[in-house]
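The values are calculated or read from the model by the stated rules, or taken from the named source; none is laboratory data. In this text, all values refer to a predicted model and were calculated from it rather than measured experimentally. When we count neighbours, we look across all protein chains shown, and the Cβ atoms used for this are built from the backbone with ideal geometry, even at glycine. Accessible surface is based on the protein model in full, side chains and every heavy atom, while ligands, DNA and RNA are left aside. Shrake-Rupley method; radii C 1.70, N 1.55, O 1.52, S 1.80 Å.
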Amino acid sequence: MPASSAVRTGMVFSVFRIQQVSSLFRLVASVSMLWALGSGVCAAQIPFLSPAHSAATATKVIGQVSVIKDAYPWALQEGASIQPQQLIVTGPDGYALFQVADGSTFEVFPNSKVIFRNNSSNLKDLVDMILGRIRVHIEKIGGKPNPNSVTTPTAVISVRGTIFDVVVDETDESTLIAVTEGLVEVQHKLKPYGKSKFVGPNETLRVYKDQPLAKRSVDRGIVADRVFRGLSDAIITILRSPRTTPGGAPGGGAGPSLPGDSRGSEPPPPPPPPPPPPGGN
């Protein structure tokens, strides 16, 4: 075969392969889009079709709330964004409300430590709790379920559109789940071979690290109401505190100022009056 014919044949084959790859990509994109429309998922949730909106916005910050950056705490301000795998820490007077791109929110209560989207490859893993209390409100998308999960030292909580509270006890690492609205599925994190349990409105479930879920029953009524009241009382106490400073230390300067704290250094108190001269009347 002449050299020119071989070149032309190679070019035709290359163009044919490019067309095949392009057609395959269009086919995959079309199938993914059809799946998204059929399941009620918006295109923004498909990572290779549009950029993933992975950050969360702090829409409300009260008291001492910080985010760990490069192993150092930075004071969190209202309107600031937090990124996946960042640790959020609240002090004894700290409270923060965060919102993600689909409208879902999570609240972090005093004396808590949580990691936002610790599994950055799966944005549906919303929060990893270390200790403390949070309240999660998962918005449905187009009226259809919006799967998300919350992980604690002892439990994996799967939700599709609901409002629930999670409390992690620092002493025994037990997890208390209390549901206000909707339904959550709870799996034991350390004993995943057992059956999961479902928790509905006005129900609670406590998960211990050394006990399988089969031995735990779902509580109803007064226990759940007590959890909700406790969380509400914590917020009321913070809001009524006149010395709470957004993003800073409790007591309006009673602790060290953190990097990123916009309140600045407060002036020192005036010196005491001088003592009277000796022997004076």
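Looking at the structure I just gave you, is Ile82 among the β-branched types (Val, Ile, Thr) and within 24 Å of Ser196 (Cα to Cα)? Here the answer is no, as Ile82 does not meet what is asked.
Output the residues belonging to the range 85-97 that are surrounded by 16 or more Cβ atoms within 10 Å (Cβ to Cβ) and either at pLDDT below 95 or more than 14 Å from Asp128 (Cβ to Cβ) (or both). Spell out how you get there, then give the answer.
As a first pass, look at the range 85-97 and keep what is surrounded by 16 or more Cβ atoms within 10 Å (Cβ to Cβ): 86-91, 93-97.
Correct list: Thr90, Gly91, Asp93, Gly94, Tyr95, Ala96, Leu97.
How do the strands (runs of 3 or more DSSP E) wholly within the range 77-162 filter down when requiring 1 or more residues that are in contact (Cβ under 8 Å) with a residue 12 or more places away in the chain and over 14 Å from the mean Cα position of the chain (by Cα): which remain?
Working: elements: 86-90, 95-99, 105-108, 113-116, 125-137, 148-151, 155-159.
Fully inside the range 77-162 and qualifying: 155-159.
Filtered by the rule that a residue be open to solvent by less than 10 Å² (accessible area, probe 1.4 Å) and not in a strand (DSSP E or B), the range 56-75 gives a lone residue, Gly63.
Hey, among Ala155, Ala101, which residue is buried (at least 19 other Cβ atoms within 10 Å of the Cβ) and of a type in the set (Gly, Ala, Ser)?
Working: Ala101 fails: buried (at least 19 other Cβ atoms within 10 Å of the Cβ).
Just a single option satisfies the conditions, and that option is Ala155.
Of all residues being surrounded by fewer than 20 Cβ atoms within 10 Å (Cβ to Cβ) and among the basic types (Lys, Arg) in the range 104-134, which is modelled with the highest pLDDT? Just the residue, please. The residue in question is Lys113.
If you scan the range 169-211, which residues turn out to be among the hydrophobic types (A, V, I, L, M, F, W, C), part of a strand (DSSP E or B) and open to solvent by 10 Å² or more (accessible area, probe 1.4 Å)? Outline the logic, then answer.
In the first step, residues of the range 169-211 are kept if they are among the hydrophobic types (A, V, I, L, M, F, W, C); the result is 176-179, 183-184, 186, 190, 198-199, 205, 207.
Checking which are part of a strand (DSSP E or B) leaves us with 176-179, 184, 186, 198-199, 205, 207.
Correct list: Leu176, Phe198.
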